[in-house]
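Read the structure below first, then the notes.
The values are calculated or read from the model by the stated rules, or taken from the named source; none is laboratory data. All values reported here derive from a predicted model rather than from experimental measurement. Cβ sites come from the backbone with ideal geometry, for glycine too, and all protein chains shown count toward neighbours.
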Amino acid sequence: MFYFKKKPIYDITFICQKGNNHFAQPIIKYLKKHIRVQEMYPNSSFGFWRNNIKGKIIWVEWAGDIAKVLSSKPLKNQKLIIRIHRGEIDTKYMKKINWENVTMLVFINNNLNIQFQSKFGNIVQTLTIPNAISTNAYPMHNTLQNSKSIIAYSYSFFPVKGYIELIKFFNKLFKIDSTYSLTIMAQNTNQPSAKRNLKAMKLLINELQLSNSIKIIENTLLYSIKKNRERVVEELSKHGIIISFSKIESFHYSFAEGLLSGLQGFYNMWDNTMIKEFWGSWGYNSESEMLESILKWEKLSHEEKMNQLRKNRDYIISNFDSEVIGGKYLKLFEGND
């Protein structure tokens, strides 16, 4: 059993493998205003000493190697909380983490929670808390002048983002109204599947003769959260519609950022219903339904559009602002103190 002779000097210790803490940062920033937070960023699961963990509660970000190591034996006078993201559920770690030594497993959407319990049963106490957004970083733009300019963006050009399907869909919209344009933006990583998909996207655009109406932005890979955010904010100001054909998401930051920034959202839910709990109000069950709604949106009055865009922003702030989500984590940690 691991235990500490001295009383913990922090309320929580946040521990995450170096470079993978971006989703948690808005929450950590909020928590630091209210409780004592120790942050640890080891290079690997063996890059830290257990007796350097000084928090009464240990929050491990990602259910991977570090979670496996820390759950291997009981902790005395400390509680272990793990936050799981989508990808880990189908990995070896679900059977290698000793759930008897985990106080709480936190999911970022309810479907993942249900999926986990259907596979593994009630082996650990679970809770669902969505991801958080630093909403003040995304001003609301005057997007109505660009109402026919559509954008989709993501971290990379992986096939799962559905960009091939989006291009085919846009082709149908373009045949109805050729004044629409589409921008697809992502970072140009060295992942082979992303490179192949990007090449296929370009070939399809040329084949459909849409090179004047579809723009692909290949951003250089940035590791600065702030610089990435500034780049996104600038690009969002040029468009009026945020669209998603992504097939797998656990939260979908880009869609949330678009709604927050004054864009109207359109979400393909005939291929992905996992996060309907968040984006159901902007979701469509068929191509024809989405096409009709995009065309109908353009016909609304200025006042009608502005009312909806304000509601979009209010929804994001009310449900996902870092203070709202941070408050839920604060309540969780206080309840497990």
Exercise. Looking only at region 136-149, decide whether some residue is out of contact with any His (no Cβ under 9 Å at 6 or more places or on another chain), within 26 Å of ILE248 (Cα to Cα) and among the polar types (S, T, N, Q).
Key: no
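Return the only residue of GLY262, GLY240, GLY327 being touching a residue at least 60 places away in the same chain (Cβ under 8 Å) and in contact with a His (Cβ under 8 Å, 6 or more places away or on another chain).
Numbers: GLY240 fails: in contact with a His (Cβ under 8 Å, 6 or more places away or on another chain); GLY327 fails: in contact with a His (Cβ under 8 Å, 6 or more places away or on another chain).
None of the others qualify; the one that does is GLY262.
Could you grab me the full set of residues in region 166-187 that are over 20 Å from LYS238 (Cα atoms) and of a type in the set (A, V, I, L, M)?
Applying the first criterion (over 20 Å from LYS238 (Cα atoms)) to region 166-187 yields 168-169, 171-172, 175-176.
Result: ILE176, single match.
Specify the residue that is farthest from the chain's Cα centre (by Cα); the eligible residues are those in region 95-113 that are hydrophobic (A, V, I, L, M, F, W, C) and assigned to a helix (DSSP H, G or I).
Taking the candidates together, the pick is TRP99.
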Quiz prompt | Cross-chain or 6+ apart pairs with Cβ under 7 Å, region 190-205 first and closer than 13 Å to GLU165 by Cα and assigned by TED's automatic domain parsing to the domain that holds SER156, then assigned to a loop (DSSP other than H, G, I, E, B) and polar (S, T, N, Q) | solution = ILE205/SER211
Quiz item: What's the number of the condition ALA152 fails, among (1) surrounded by fewer than 21 Cβ atoms within 10 Å (Cβ to Cβ); (2) closer than 26 Å to LEU182 by Cβ?
Solution: (1)
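Tell me, which residue of region 277-336 that is small (Gly, Ala, Ser) and in contact with a strand residue (DSSP E or B) (Cβ under 7 Å, 6 or more places away or on another chain) is nearest to PHE255 (Cα to Cα)? Give the derivation first.
The first filter runs over region 277-336 and keeps only residues small (Gly, Ala, Ser), leaving 280-281, 283, 286, 288, 293, 301, 318, 322, 326-327, 335.
Subset that is in contact with a strand residue (DSSP E or B) (Cβ under 7 Å, 6 or more places away or on another chain): 283, 293, 322.
Values: GLY283: 11, SER293: 17, SER322: 16 Å.
Taking the candidates together, the pick is GLY283.
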Self-check item: So ILE167, is it within 20 Å of the chain's Cα centre (by Cα) and of a type in the set (Val, Ile, Thr)
Solution: no
Quiz item: Within region 70-93, how many residues are crowded, with 17+ Cβ neighbours inside 10 Å, among the basic types (Lys, Arg) and more than 16 Å from GLN17 (Cβ to Cβ)?
Solution: 2
Exercise. Please identify the pairs in which a residue from region 271-285 that is over 17 Å from ASN131 (Cβ atoms) and modelled with pLDDT under 95 has its Cβ atom under 7 Å from the Cβ atom of a residue that is surrounded by fewer than 20 Cβ atoms within 10 Å (Cβ to Cβ) and of a type in the set (D, E, K, R), counting only partners at least 6 apart or on another chain.
Key: ASP271/LYS247
Self-check item: In region 1-48, the residues that are exposed (fewer than 13 other Cβ atoms within 10 Å of the Cβ) and at pLDDT 90 or above
Solution: LYS33
